[in-house]
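Note sheet for the following structure.
Here, each number is a calculation from the coordinates, and none is a lab measurement. For clarity, every value in this text was computed on a predicted model and none was experimentally measured. Cβ: placed from backbone, ideal geometry, glycine included. Neighbour counts: every protein chain shown.
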Amino acid sequence: MDTLTHALSGALLARAATPARTAPDTPGTGGRMLAGFAGGAFPDIDFAMRAVDTLWYLSEVHQGATHSVVLLPLWALAVAWVFGRFSGLGWRGYFVPVSLGIGIHIAGDLITAYGTMLFYPFSDWRPALSWVYVVDPYFTLIIAAGLLVAWRRPDRGRAASVAALLVLFAYVGVQGAIQMRAVGVAEAYARHTGLSEAGGEALPQPFSPVHRVLVVSDDAAVHTAWVRLLPGRSLAERMPLPHPFRDMATHYMQVPQWQRRPRFGRGGGESDLARLAWGQEGFRHFRRFARIPVLHEVAEEGGRECAWFKDLRFELPALPPSFVFGMCRDPVDGSWYRERRRGAMWLD
């Protein structure tokens, strides 16, 4: 989820949890909402580590320590202490709203497809529900509407915040039901093609809660299909978006059109180079990062042979894929160098 939406969700939850009357010498409604806003944004402070190395950051740091429920009390205490220091009210009154902000941030990332280290440092497991796309305008608008009503009608601020949270939870629940249906379609394809052991999964897509990319993977290839699970026009089709965003929706079909993508190319020298590049020590962070990796292309660049890979979680129709990394072999001494390409996402 984008950082602004995280922060707004923290403010909304803090407002919903603020009692009608606050005790003297404790933060008021505005102070608690500001603390919730800061708590909601705080876990993305790990973005600063991207300056060290992008791929290391993506595989080892992003949605790691700062997104851990184990370390949540520690982060909440640190942020609350800063608020208490500057307000003169002490940290205790800020601890709960900051904790709520951090907590709803973690929950917001858990429902996306990236993967969140919930139990760091005890485990590096990255569960991902894959219900909601990382930027969801409907999700953000529900939060913003609740905050707007709470601001315009302070006397009903708590009720408006609670109502907005209930609508938000219902929306996420509907997304979960849509996800289950999408996974069912993918699993049916896997059974039909003799790939039942591979299973099936689905990934959310932008601009529409009913758009998914279906994925069935085995050791040799990844099968994908862009689907529209319900009829009707998506937000992208209703808005005057520039090219190529307005063309995205045309790729989602009600009847899945499956495409087979070999993991390491179509054989011969292409596959040999791809497999060799994939196994390089310098590519270990990409192997850890990519959940659905496939070969993007093999190309000669600057006199070097390069094998480029992408993670299908970050591929969208009509747009260049994001987080494309490759290994290039020097023709003189045979050494390998890691490279990356820019894609459609701002984080790229």
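Placing one equal scatterer on every Cα of segment 255-334 and applying the Debye formula, the log10 ratio I(q)/I(0) at q = 0.16, 0.26 Å⁻¹ is -0.61, -1.36.
Please arrange I104, I111 by how many other C-beta atoms lie within 10 Å of their C-beta, fewest to most.
In order of increasing Cβ crowding within 10 Å: I111, I104.
The Cβ shell under 15 Å around W91 holds other residues with a net charge of +2, Lys and Arg each +1, Asp and Glu each -1. Site pair E237 and H251 shows an inter-label distance of 1.6 nm when each label is modelled 7 Å from Cα along Cα→Cβ. Taking all C-alpha pairs of segment 3-129, those more than 22 Å from each other amount to 35 percent. Relative to the longest principal axis of the Cα atoms of the chain, the long axis of helix 29-41 lies at roughly 10 degrees. Extent of segment 225-278 along its three principal axes (Cα atoms, max minus min coordinate, largest first): 46, 26, 14 Å.
Of the GluC sites (Glu not before Pro) found in segment 215-299, not one falls in a DSSP loop while having at most 16 other beta-carbon atoms within 10 Å.
In angstrom, the C-alpha Rg and Dmax of the chain are 22.6, 75.
The helix-only estimate of mean residue ellipticity at 222 nm for the chain, built from DSSP H runs of length n ≥ 4 each weighted as -39500 (n - 2.57), is -13000 deg cm²/dmol after division by the residue total.
Roughly how tilted is helix 268-278, in degrees to the nearest 10 and between 0 and 90, from the longest Cα axis of the chain? The two axes meet at around 40 degrees.
To the nearest 20 Debye, how big is the dipole of the chain about its Cα centre, given +1 on the beta carbon of each Lys and Arg and -1 on that of each Asp and Glu?
Values: 35 positive and 30 negative charges, 260 e Å.
Dipole about the Cα centre, nearest 20: 1240 debye.
The label point for A170 and the one for D330, both projected 7 Å from the Cα toward the Cβ, are 6.3 nm apart.
Where does helix 137-152 land angle-wise versus the long Cα axis of the chain, in degrees 0 to 90, nearest 10? Rounded to the nearest ten degrees, it is 10.
For R156 and T3, what is the calculated FRET efficiency with R₀ set at 30 Å and r taken between the beta-carbons, to the nearest 0.05? Rounded to the nearest 0.05, the efficiency is 0.60.
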